[in-house]
Amino acid sequence: MSAALEVGQVVADVTVTLSRDSLVRYAGASGDFNPIHYRDDVAASVGLPGVIAHGMLTMGTAVAPVVDWLGGPEAPGAGGWVVDYQAKFTRPVVVDPTDGAEVSLTATVAETDPEAKTARVDLTVKFADKTVLGKAQVRVAWA
Amino acid sequence: MSVNPALLGRVFPPVSPYLVGREKIREFARATRSSAPLALDPEAARAAGFRDVVAPPTFAIVVQEKTLEQLLESPDSGIDFARVVHGDQRFSYTRPIVAGDELTATLTVTSVKTLGGHSMVTAESVLVDGDGEHVVTAVSTLVVRGDE
C-alpha cells in the first residue's frame, strides 16, 4: 500500500440492474430460498410492496467493484483483500418483474492507516434515490 | 406468535463440515456480479499465492445459512420464516475463504429484542477450518415482522 490512497478518493462508481433473474440466480448460488424473493403473493401477504432483493445480494453486489478495484491496476498495491465488511439493510430493493431495479453504488475511501496497511472504504448504495444500505463499511488490508 | 426470549445465549451444535467447492465460489461470484480473476480463475489465484479460487467477501453467508437454518427450524424459536427480513450483517475475517476449505460453523444467539411489533434476533456464526483455525465470524440480525 503506497501513499497514493487518499481519504475522499472514489474507487468505484457504478450502476447495476437487478432483475428477477438476478434474484433466482442468487437464491441458487446462496441457498437462500425465502419466497419473499421470488413470489409476489408471499411478499404481499407479509406486507411488502413487492418481491424484494435478498439483502445479501445487494450487499454482495455492492462490494464486488471494491474487490475488482483491489485486484486491478488502480489499487495502491498488490495483495489487498477485504478483512471486514458490514452493512445494515435500511430499505427494501423492490424488483419490478419487467424493469428490475437500478441500484447505484459509490465506494469512497473514508480512512487510511499506512502503518497498519489498512483502509476503510464506505459504500453509498441507492435504489430509487434512497439509501438501501446503512453504515456499509469495508475494511481492506494489504499483505 | 413471537420470538422465544429463551433463545438468548443458546449455542447450537456445529453443523457438519462444509467443503468449499471451486464451482460454488464461481457461481456465487457471478451471482454477485464479481469479475475478479481471483474468484473465477484458479491460475490467477495460484499466481497470487492461493491454493485455489478465492471466495468473495460475502460468500461466508452460504455456510452461515446452514447455521441459520438450525435456528429457524428450532421448534421452539417462534420465528415465522416468511416474516423474516435481514436487519444487518457483518463478516470479520482472519483469512480469505479458498476453494478446498472445509469449514465448520457454530451459531450462538447473542441478542433477542422486541421493538414495536417486530422482534430482532442476532446470531453469531464462527467458521473454523479443518485445522480448527478461525477463518471468519459472520453476524446476522434477523428482523421478524409482527402482524400488521
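The phi-based Karplus calculation (6.51 cos²θ - 1.76 cosθ + 1.60; θ = phi - 60°) puts the 3J(HN,Hα) values of region B:74-90 at 4, x, 9, 6, x, 9, 8, 3, 5, 9, 8, 10, 7, x, 8, 8, 9 Hz, whole numbers, x for Gly and Pro.
Toward the positive end of the charge dipole of chain B, with +1 on the Cβ of Lys and Arg and -1 on the Cβ of Asp and Glu, the farthest Cα among B:Leu38, B:Thr141, B:Val62 is that of B:Leu38.
If only the Cβ of Lys and Arg carry +1 and only the Cβ of Asp and Glu carry -1, the dipole of region B:90-136 around its Cα centre is close to 400 debye. How shielded is A:114-124 by partner chains, expressed as the average number of their Cβ atoms within 10 Å of its Cβ atoms? If you average over the peptide's residues, the count of other-chain Cβ atoms is 0.
Taking every residue in A:54-67, how many Cβ atoms of other protein chains lie within 10 Å of its Cβ, on average? Average per residue, whole number: 6.
Relative contact order of chain B: 30 percent, from C-alpha pairs under 8 Å at least 6 residues apart in sequence. Charged side chains reduced to their Cβ positions (Lys and Arg at +1, Asp and Glu at -1) give region A:11-57 a dipole of some 80 debye around its Cα centre. Taking Cβ atoms as reference points and 12 Å as the exclusive limit, the residues near B:Leu68 contribute a net charge of -4, counting Lys and Arg as +1 and Asp and Glu as -1.
Rounded to the nearest 20, the size of the Cβ-charge dipole of the protein assembly as shown about its Cα centre is 180 debye, with Lys and Arg at +1 and Asp and Glu at -1.
For the residues of A:31-37, the average number of beta carbons from a partner chain within 10 Å of their own beta carbon is 4.
Place a label point 7 angstrom from the Cα of A:Lys117 along the Cα-to-Cβ direction, then list the residues of region B:38-55 whose backbone nitrogen is under 18 Å away. The answer is B:47-51, whose backbone nitrogens lie closer than 18 Å to the label point.
Modelled spin-label separation between A:Asp21 and B:Glu73, with each label point placed 7 Å from Cα along the Cα-to-Cβ direction: 3.3 nm.
Note on chain B: helix-only mean residue ellipticity at 222 nm, from DSSP H runs of 4+ residues weighted -39500 (n - 2.57) and normalised by residue number, equals -6000 deg cm²/dmol.
Taking only the C-alpha atoms of region A:7-117, the Rg (one decimal) and the largest Cα-Cα distance, Dmax (whole number), read 16.6, 53 Å.
Between 0 and 90 degrees, the angle of helix A:55-71 with respect to the longest Cα principal axis of chain A falls at about 30 degrees. Cα centroid separation, region B:19-33 to region B:65-123: 21 Å. All other residues whose Cβ lies under 13 angstrom from that of A:Ala75 are scored, Lys and Arg at +1 and Asp and Glu at -1, for a net of -1.
The numbers here are math on the coordinates, done by the rules we state, and not lab data. Being a predicted model, the structure only gives us computed values, none of them experimental. Don't worry about glycine lacking a Cβ; one is built from the backbone with ideal geometry, like all the others, and counts go over all protein chains shown.
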